[in-house]
Amino acid sequence: MQRVSIIGLGLIGASIGLGLKRWATDNGRREPVLEISGFDVSLDVQNYAKKLGAVDRTEWNLPSAIERADFIVIATPVGAVREVLQSIAEHGRDGVVVTDTGSTKAEVLSWAAEILPPTIHFVGGHPMAGKTQSVEGAEADLFKQATWAVCPTVNASEEAVQTVLGMISALDAEPLFVDAHEHDGFVAAISHLPMLLSVSLMRTVRKDSQWRDIRQLSSSGFRDVSRLAGGSPEMYRDICATNRENIVRWVDTAIADLQYLRDLIATGSEETLETLRAVFEEARDARADWVTTERRSGGLVQDADKELTPFSMGEQMQQMLFGSLFRRKPRTGREPRGGDKRGVRPERE
């Protein structure tokens, strides 16, 4: 029986525990193949994870959670990984396989190479799945069809890599081998930049003196874009601390594009409004291409079935309520009130 220890029992750690326990049960073996223990700095979180069935038992301190383990999953915020690695170096047994779930990889792999002895095998990992909830949102299906980045250290054995791949397979995720530095550049674009844009949106509107009234009109669009602002402040801080250069580069690019859009809107001429329409069209087409991207194993990268309709919900509502009215070009303030070129009857004074 393999002894698995999960360090950090929030959303990711508890979901890994639930998924592994379901895998062990679904295989119909008479004897248990996994013993899953867990540790978290919060006793309340530990108790909740055990009550949830994510772990078989919990440990009172970090060394106890490490010393008997065959396989260790570090599911803490990135800022705590170094301390956990130091404890593993001191208390982990020879041959133990270690992986993590941190949102950044280059600095984590650097810590592992610096701290861990050659007899302990580290394989970096990052599941591209999550919610803004903690342990209360844990579920066995959290990683189903999600991409799981895999970044082995130079001295990681083939057996260690296969152990991590086995866990990923048991959780129904899709492994993707990627260089740690390349990973950090990629996730800065598709994970960390959206997080900061969401935070900026929330801060911008919240500071307005009319926010109490503004929020009464908020709906699904605002909810969707602001969702990431509800995430863990500690996790976000650690991400920024360990992926600084990549994040700054992508934020600078986003600021430049927002400035470009702002200038088009501010000019407001017929020409710039047409350019703006083309920009929106380009973004729409780029997103459509993204949501229809297929995995290597088949199926879509994103669960976007509801979006793949002949018309978007917005277009359908527009057609129902307004017909083709909104197909006309917007007035720029320079056209005569007497009607447009298509012969619309002038308004009566």
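What number of residues within region 145-198 satisfy the criterion of being assigned to a helix (DSSP H, G or I) and touching an Asp or Glu at 6+ places or on another chain (Cβ under 7 Å)?
Going through region 145-198 one residue at a time, the tally reaches 0.
Those residues that are polar (S, T, N, Q), over 27 Å from the mean Cα position of the chain (by Cα) and open to solvent by less than 20 Å² (accessible area, probe 1.4 Å), I need them from region 59-117; list them, please.
If the condition is that a residue be polar (S, T, N, Q), over 27 Å from the mean Cα position of the chain (by Cα) and open to solvent by less than 20 Å² (accessible area, probe 1.4 Å), then Ser87 is the only one that fits.
Condition (residue is touching a residue at least 60 places away in the same chain (Cβ under 8 Å) and touching a helix residue (DSSP H, G or I) at 6+ places or on another chain (Cβ under 9 Å)) applied to region 215-227: is it met by at least one residue?
Yes, some residue in region 215-227 is touching a residue at least 60 places away in the same chain (Cβ under 8 Å) and touching a helix residue (DSSP H, G or I) at 6+ places or on another chain (Cβ under 9 Å).
Give the residue that is modelled with the highest pLDDT, with candidates limited to residues of region 289-304 that are polar (S, T, N, Q) and open to solvent by 60 Å² or more (accessible area, probe 1.4 Å).
Looking at the filtered set, the residue picked out is Thr292.
Output the residues belonging to region 199-209 that are open to solvent by 40 Å² or more (accessible area, probe 1.4 Å), in a helix (DSSP H, G or I) and more than 21 Å from Arg287 (Cα to Cα).
Of everything in region 199-209, those that are open to solvent by 40 Å² or more (accessible area, probe 1.4 Å), in a helix (DSSP H, G or I) and more than 21 Å from Arg287 (Cα to Cα) turn out to be Val199, Ser200, Met202, Arg203, Thr204, Arg206.
Across region 1-22, which residue is most open to solvent (accessible area, probe 1.4 Å) among those that are more than 21 Å from Arg68 (Cβ to Cβ) and not in a loop (DSSP other than H, G, I, E, B)?
Applying the filter and picking the extreme gives Arg22.
Does Val225 meet the test of being out of contact with any Ser or Thr (no Cβ under 7 Å at 6 or more places or on another chain) and surrounded by 13 or more Cβ atoms within 10 Å (Cβ to Cβ)?
When the stated conditions are applied, Val225 does not pass them.
For the structure I just gave you, tell me whether Ala129 is touching a residue at least 24 places away in the same chain (Cβ under 8 Å), among the aliphatic types (A, V, I, L, M) and either farther than 16 Å from Leu18 by Cα or in a strand (DSSP E or B) (or both).
no
Return the total of residues in region 262-288 being assigned to a helix (DSSP H, G or I) and open to solvent by less than 40 Å² (accessible area, probe 1.4 Å).
4
Go through region 158-179 residue by residue and tally those that are among the aromatic types (Phe, Trp, Tyr) and either open to solvent by less than 30 Å² (accessible area, probe 1.4 Å) or closer than 21 Å to Ser15 by Cα (or both).
Number of matching residues: 0.
Looking at region 245-261, can you tell me whether even one residue there is in contact (Cβ under 8 Å) with a residue 12 or more places away in the chain, out of contact with any Lys or Arg (no Cβ under 6 Å at 6 or more places or on another chain), in a loop (DSSP other than H, G, I, E, B) and under 23 Å from Thr132 (Cβ atoms)?
The answer is no, given that none of the residues of region 245-261 is in contact (Cβ under 8 Å) with a residue 12 or more places away in the chain, out of contact with any Lys or Arg (no Cβ under 6 Å at 6 or more places or on another chain), in a loop (DSSP other than H, G, I, E, B) and under 23 Å from Thr132 (Cβ atoms).
The values are calculated or read from the model by the stated rules, or taken from the named source; none is laboratory data. Just so you know, these numbers come straight off a predicted model, no measurement behind them. Reconstructed Cβ throughout: ideal geometry from the backbone, glycine too, with neighbour counts over all protein chains shown. We work out accessible area using only protein heavy atoms, side chains counted, and drop any ligands, DNA or RNA first. Shrake-Rupley method; radii C 1.70, N 1.55, O 1.52, S 1.80 Å.
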